[in-house]
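Notes follow the structure.
Every number here is computed from the coordinates shown, using simple stated rules; none is lab data. These numbers were taken from a predicted model, which means no experiment stands behind them. Ideal geometry is used to build each Cβ from the backbone, glycine not excepted, and the neighbour counts take in all protein chains shown.
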Amino acid sequence: MKEERKKRTLKLGLWTLAWVSSLALATFGHMFIWESKFLTIAAITINLIIGIGMIIANKNLYEFYDELEKKIQLESLAISLGLTVIVGLSYSLLDQTDLIQNDAEIGFLVGFIGISYLVSVLINRKRYL
């Protein structure tokens, strides 16, 4: 049972590595490697396809979780989603009303999602385990 979980976790890790690598290539390829719009579109399409594979690998890992792990993950995802909507919209409003000097960038919101999810998982694991 632990062996199967390790296998699924490793698969998710490899999909995540592939997605991050393809995202970097799609982001920086047109700046440093090629000048073709076709190659940029191809890199973005490949990144999208790999991203779908990563989501499927994540789903496959979640299917292997027991009920308590699923509860922890579900609560953590709900908290992260709620916080992201509230903080993201507030951040966007700050930009739209010119209360912040820089444009609201999606990268900050993605970072916030990751941090809020990680903190939620840690808190929920401490609560339930």
Can you pull out the residues in the range 74-129 that are closer than 22 Å to Thr27 by Cβ, touching a residue at least 24 places away in the same chain (Cβ under 8 Å) and among the β-branched types (Val, Ile, Thr)? Thr84, Ile113
Return the residue satisfying two criteria in turn: it lies in the range 27-41 and is free of Cβ contacts under 8 Å to residues at least 12 places away in the same chain and among the β-branched types (Val, Ile, Thr), and of such residues it is nearest to Phe64 (Cα to Cα). Thr27
Which members of the range 27-67 meet the condition of being closer than 30 Å to Met1 by Cβ and not aliphatic (A, V, I, L, M)? Gly51, Gly53, Asn58, Lys59, Asn60, Tyr62, Glu63, Phe64, Tyr65, Asp66, Glu67
So, first residue among the small types (Gly, Ala, Ser) in the range 5-26, second residue in a helix (DSSP H, G or I), Cβ within less than 6 Å, six or more apart or across chains; the pairs are Ala18/Ile50; Ser22/Ile46; Ser22/Asn47; Ser22/Ile50; Ala26/Ala43; Ala26/Ile44; Ala26/Asn47
Which of the residues that make up the range 57-73 are in a helix (DSSP H, G or I), surrounded by fewer than 13 Cβ atoms within 10 Å (Cβ to Cβ), free of Cβ contacts under 8 Å to residues at least 40 places away in the same chain and not basic (Lys, Arg)? Glu63, Glu67
